[in-house]
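Rule-based calculations on the coordinates, nothing more; no lab input. Bear in mind that the values here come from a model prediction, so they are computed numbers and not experimental data. Here the Cβ positions follow ideal geometry from the backbone for every residue, glycine too, while neighbour counts run over all protein chains shown.
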């Protein structure tokens, strides 16, 4: 069964610290992997997208990595800010390019404290 | 450019009542989607549309109907609401299904069925 698992479920860090969120997937065939940020009470917003040939993608203080061999991805947040408090959702697209099917992880809830 | 908007933002229904959730997008996107988000679960696709006048079932379509009479609007209907339909509903749109193109999500509708 195609699945996306994220860890940890929740994380609390102090402002200014770095953190890394993990995503493991069993989706096959693989098309691409995305990280979304979802603020409380809002819809998800895309942070990065990576295909199987890409192993690193950055968006400001967010850096995503992908190891297609081990089917693992991570999202590293540098110098965290209070506004980083949100849920971070890993999404894997199944199938060849053109498929509608997204497999969503349950998210990691990050809380950044002052 | 408002992106994807949803109405209403909140709604409380009694079991057996009906209602329609409205999604509108002003980006001229062909594809639109309805998801539900429940605690401890990833977003799940209810129905989607690949263009005006077309609809298709997603992973969890039972108890819902949809219509796409206009390209910019995608309606989700609950004919006879059940407590199991208590959830947060997100609409999304994308220019196509092609890989590499992200989906834009609306702010969500929180529905409670008593």
**Asked** Among the DSSP beta bridges whose two residues both lie in the protein assembly as shown, what percent are antiparallel, rounded to the nearest 5?
**Response** 90 percent
**Request:** Could you grab the relative contact order for chain A? Cα pairs under 8 Å, six or more apart, rounded to a whole percent.
**Result:** 37 percent
**Asked** Is the shape of chain A rounded, prolate or oblate, going by the alpha carbon gyration tensor and its root eigenvalues a ≥ b ≥ c, with a/c under 1.5 for rounded and a/b larger than b/c for prolate?
**Response** prolate
**Item:** Relative contact order for chain B, counting Cα pairs under 8 Å that sit 6 or more residues apart, in percent
**Value:** 35 percent
**Request:** Kindly list the residues of the range A:9-43 that lie in the label zone of residue A:76, defined by a backbone N under 15 Å from the point 7 Å along the Cα-to-C-beta vector.
**Result:** A:17-23
**Item:** For a label point 7 Å along the Cα-to-beta-carbon line of residue B:62, residues of the range B:71-90 with backbone N under 18 Å
**Value:** B:77-87
**GNM result for chain A, Cα springs below 10 Å: residue of A:66, A:47, A:82 fluctuating most strongly** = A:82
**Prompt:** So, in nm, how far is label residue A:39 from label residue B:86 when the simple model puts each one 7 Å beyond its Cα toward the Cβ?
**Reply:** 2.8 nm
**Request:** Can you tell me how much longer the chain between residue A:22 and residue A:59 gets when fully stretched, taken as 0.36 nm per residue apart minus their C-alpha distance, in nm with one decimal?
**Result:** 11.6 nm
